[in-house]
Amino acid sequence: MLVLTRKVGETIEIGTDIEIKVVDVKRGEVRIGIKAPDTIHISRGETVRKTDR
């Protein structure tokens with residue numbers, strides 16, 4: 001697993017067409033924005049794990 005430190009407004013690029021941006025950090029929570037092609041399925045990990053049971 002790659003672990004990165006980012007500040008609000010900074011991004012992470014995955015390939016040439018996926019961008020993850022730190023939108024806000026407060027009270028121990030991080031808000032992120034994800035730009036990706038419509039063909040990429042994005043879901044929260046806890047919802048995927050819940051349906052795997």
### Task
Across the chain, how many lysine pairs, 8 or more positions apart or on different chains, have C-alpha atoms separated by under 21 Å? Please give the number.
4
#### Entry: For segment 22-27, Karplus couplings with θ = phi - 60° (6.51, -1.76, 1.60), whole Hz, Gly/Pro x
6, 8, 7, 9, 7, 6
### Among [x] 10.8, 30; [y] 12.5, 41; [z] 12.9, 36, the entry derived from the coordinates for Rg and Dmax of the Cα atoms in Å
[z]
## Note on the structure
Between residue 32 and residues 5 or more places away or on another chain, the pairs with built amide H atoms under 5 Å apart involve 23
### Task
Tell me what the chain gives for mean residue ellipticity at 222 nm when only DSSP H runs of n ≥ 4 count, each as -39,500 (n - 2.57), the sum divided by the residue total, rounded to 500 deg cm²/dmol.
-4000 deg cm²/dmol
### Query
What number comes out for the charge environment of residue 18, summing +1 per Lys or Arg and -1 per Asp or Glu over other residues with Cβ under 13 Å away?
-2
#### Entry: Distant-in-sequence amide H partners of residue 18 (H built 1.01 Å from N, under 5 Å)
none
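For residue 48 and residue 8, calculate 0.36 nm times their separation in residues minus their Cα-Cα distance, and state this gained length in nm to one decimal.
The span from residue 48 to residue 8 would gain 11.7 nm if fully extended.
Coordinate-derived values only; no laboratory data. Please read these numbers as outputs of a predicted model, since none were measured by experiment. Ideal geometry is used to build each Cβ from the backbone, glycine not excepted, and the neighbour counts take in all protein chains shown.
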